[in-house]
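Q: Quick one: the structure is below, and I'll ask about it shortly.
The values are calculated or read from the model by the stated rules, or taken from the named source; none is laboratory data. Please read all numbers here as calculations on a predicted model, not as lab measurements. Cβ atoms come from the backbone with ideal geometry, glycine included; neighbour counts cover every protein chain shown. Ligands, DNA and RNA are stripped out before the accessible areas are found, and what is left, the full protein with its side chains, is counted by its heavy atoms. Shrake-Rupley method; radii C 1.70, N 1.55, O 1.52, S 1.80 Å.
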Amino acid sequence: MNSGNFIFEDQTEWVQLNEMTRRKVFGYDEKMMLVKIEFKTGAIGYVHQHEHCQCTYVVSGAFEFQIGEETRLVKAGDGLYMEPNVLHGVKCIEEGVLIDTFSPIRLDFLK
């Protein structure tokens, strides 16, 4: 199972998660996945946990992230790491884009 070698922005469909957020899945195989997520100001990614390691890169905007018991403001150029099964969530302070990587693959994102 994999995405193929080349994934082009203009040929990849957005998945609308709600009126404030949408995502595109880019490259993946069984071991890892790359996901682009757009947030409008005020959007919330409610506190949750999952079995996957997650790294996030802030492309644009500003976000308040909670990872475990710590909450910090991050902005364009910043990055984050979330261990498996740690509680985490996000609130968009200024409209922006995040790039998430997951290991292993998020099968729920392919449905």
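Q: May I ask you to evaluate 6.51 cos²θ - 1.76 cosθ + 1.60, the Karplus curve with θ = phi - 60°, for each residue of the stretch 98-109 and list the ³J(HN,Hα) values in order in whole Hz, giving x for glycine and proline?
A: 10, 10, 9, 10, 10, 9, x, 4, 8, 4, 5, 7
Q: Let me ask something additional. Can you run phi through the Karplus equation (6.51, -1.76, 1.60; θ = phi - 60°) for the stretch 63-80 and list ³J(HN,Hα) in whole Hz, with x for Gly and Pro?
A: Karplus values, whole Hz, x for Gly and Pro: 9, 9, 9, 10, 10, x, 8, 9, 10, 9, 8, 10, 9, 3, x, 8, x, 9.
Q: Taking the Cα centre as origin and putting +1 on Lys and Arg beta-carbons and -1 on Asp and Glu beta-carbons, what dipole magnitude results for the chain, to the nearest 20 debye?
A: 100 debye
Q: Could you do me a favour and compute the accessible area per residue for the chain, 1.4 Å probe, result in Å²? Could the numbers behind the result be given before it?
A: Details: 6930 Å² over 111 residues.
Accessible area per residue, the chain: 62 Å².
Q: List the relative contact order of the chain as a percent without decimals, with contacts defined as Cα pairs under 8 Å and 6+ residues apart.
A: Rounded, it is 31 percent for the chain.
Q: Between the stretch 79-111 and the stretch 1-72, how far is it from one alpha carbon centroid to the other, in angstrom?
A: Cα centroid to Cα centroid, the span is 5 Å.
Q: Based on a Kirkwood Rh over C-alpha pairs, give the Stokes-Einstein translational diffusion coefficient of the chain at 10 °C and viscosity 1.306 mPa s in µm²/s.
A: 111 µm²/s
Q: Would you mind checking which residues have amide H under 5 Å from residue 86's amide H? H placed 1.01 Å from N; only 5 or more apart, or other chain.
A: 50
Q: Pairs of lysine in the chain with Cα under 21 Å and at least 8 positions apart or on different chains: total?
A: Count of close lysine pairs: 12.
Q: Using the Karplus equation 6.51 cos²θ - 1.76 cosθ + 1.60 (θ = phi - 60°), what ³J(HN,Hα) coupling, rounded to whole Hz, does each residue of the stretch 47-52 give in order, writing x for Gly and Pro?
A: So the Karplus estimates, Gly and Pro as x, are 4, 7, 8, 8, 6, 8 Hz.
Q: Amide H of residue 22 versus every other amide H placed in the peptide plane: which residues, excluding those fewer than 5 positions away on the same chain, fall under 5 Å?
A: 17, 38
Q: Next up: Could you work out the local net charge near residue 40, counting Lys and Arg as +1, Asp and Glu as -1, over the other residues with Cβ closer than 9 Å to its Cβ? Walk me through the numbers on the way to the answer.
A: Details: positive: none; negative: 19, 38, 95.
Net charge in that neighbourhood comes out at -3.
Q: In whole percent, and with a 1.4 Å probe on the protein chains, what portion of the accessible area of the chain is carbon and sulfur?
A: It is 52 percent, rounded to a whole number.
Q: Projecting each Cα onto the charge dipole of the chain (Lys/Arg +1, Asp/Glu -1 at the beta carbon, about the Cα centre), which of 17, 52, 35 comes out farthest on the positive side?
A: The Cα lying farthest towards the positive end belongs to 17.
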